[in-house]
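One structure below.
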Amino acid sequence: MNPSPVPPVRRLPARRLWLWALLLTPVLLLVVLGVGVASCFHLGSDAWALRDGLMKSGSVEWRQKIALNANYLTVGTVRAGLSFVKLDPGARAALQSVRSAGVGVYQLPSGTPQPDRATMLDAADSAMTGCGWERVVGVMDGKDLVAIYVPGKNVSVHSLKCCVMVFNGKEMVLVSARGNPEPLVTYALKQPGFRDQARWLAQR
Amino acid sequence: MNTMIRYPLAAAVLAVGVGFNVLAGPLPGQVDFGKFTPPGDGGQFVEVQVNSNLLSLAAQVVEKQQPDAAKLLRSVQLVHVNVVGLTDGNRAELEKRVRQIRHDLDAQGWDHNVSVQGKDGQDVGIYTKTRGGEALAGLAITVIQPREQVVLINIVGDIRPEQVAALGDKLDIKPLKDVGAALKDASPKEKAPKESAPEN
């Protein structure tokens, strides 16, 4: 019995491969650019989870005013670009501290009854603790509500994440940021008025 | 054979570890104030809970600039603060609850170091739980400001009064100096008989 002949492998000529690569590269670049630009107008996953929890919690129809997100690439590009510009040391320290950040602003439509702040805080807590976050600060005073969350585990000084919710009775702001607070804290501690400010804060 | 022994042994160690973890209660100087309901009508409500992860991170951040502050931060395991505004609806319940917390602290063997009854009805209680002869395992402060709010503070760790006082001196922050001095007085080595001093 003769072995069946192996069909010859047809290889694309190298020139054709180059042609395909040349054609696909701009398309891929456009897709990456599109995704990058689109991601700039969507909140990051952490802030999105917080937003989602709050939206589902009550009967309030929040109106989105703006949602911006700057990922590592965007912030890195801005930092690299601004490294040639003479900046205020405080601004430079802030820029060095932030790795990525996102912010969403939501408005309460006029005529909508005020949402219950305690319910909002509970909803935010449920959403964030479900993702492994812990609330560090919660403040309610008058119409204002502020909550600050940090991850419950794997907290690192070089990559500290935090999520902040602020509601002033009309607008709700959600902020998520990741960064290294060291440059900013070092800058603050070097300020001549730091001791006075610390004293002022301690006396409050 | 080795594997036959190793795996069950590892499982047993793990089970014991998990068991201890489950049985492990709160930290020695920790006080459970319970959950507070925010007052209605836009009343004030503040809740701060900073655990050792974040405190150690803060210590790392300030290490180079403020080594004393970093040392103090490292010695603290938990900071818990509750501020609840008093309204007609919650006043009686909250005041009763704070008095119950004080009663529980007394019953659990905490030292009641300072008790101040202010002219305006302000009622402050400072309690400490000692660790060994030189440090405090916990500090609990309860404040009732009759027409305003109740404040509950619990600091847990291995707090050395001299550290607090030294930091207050270094930064020239009077309240911190005062707290350091009060803690020094409250520390077991130098503790005087408990005083209950009405404020004049």
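The values are calculated or read from the model by the stated rules, or taken from the named source; none is laboratory data. Everything numeric here is computed off the predicted structure, so don't read it as measured data. Quick reminder, even Gly has a Cβ in these numbers, built from the backbone with ideal geometry, and neighbours come from all protein chains shown. For accessibility, only protein heavy atoms count, side chains too; no ligands or nucleic acids. Shrake-Rupley method; radii C 1.70, N 1.55, O 1.52, S 1.80 Å.
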Practice task
Evaluate the range A:29-46: report whether one residue or more is under 28 Å from A:Asp116 (Cα atoms), in a helix (DSSP H, G or I), touching a residue at least 60 places away in the same chain (Cβ under 8 Å) and out of contact with any Phe, Trp or Tyr (no Cβ under 9 Å at 6 or more places or on another chain).
Solution key: no
Exercise for the section: Pairs only if they're at least six apart or on different chains, beta carbon under 7 angstrom, first in the range B:79-96 and modelled with pLDDT of 90 or more, second among the hydrophobic types (A, V, I, L, M, F, W, C) and assigned to a helix (DSSP H, G or I); list them, first residue then second. Expected result: B:Val84/B:Leu94; B:Leu86/B:Leu94
Fill in the blank from the handout: Filtering the range B:97-146 down to residues that are polar (S, T, N, Q), at pLDDT 90 or above and open to solvent by less than 20 Å² (accessible area, probe 1.4 Å) yields B:Thr142
Completion exercise
Among the residues of the range A:134-174, the number that are assigned to a strand (DSSP E or B), of a type outside the set (A, V, I, L, M, F, W, C) and open to solvent by 40 Å² or more (accessible area, probe 1.4 Å) is 6
Fill in the blank from the handout: Note on B:Asp172: of the conditions (1) modelled with pLDDT of 85 or more; (2) in contact with a Lys or Arg (Cβ under 9 Å, 6 or more places away or on another chain), unmet is (1)
Practice task
Using the structure shown, decide if B:Gly34 is over 22 Å from A:Glu182 (Cα atoms), within 14 Å of chain A (Cβ to nearest Cβ) and surrounded by fewer than 18 Cβ atoms within 10 Å (Cβ to Cβ).
Solution key: no
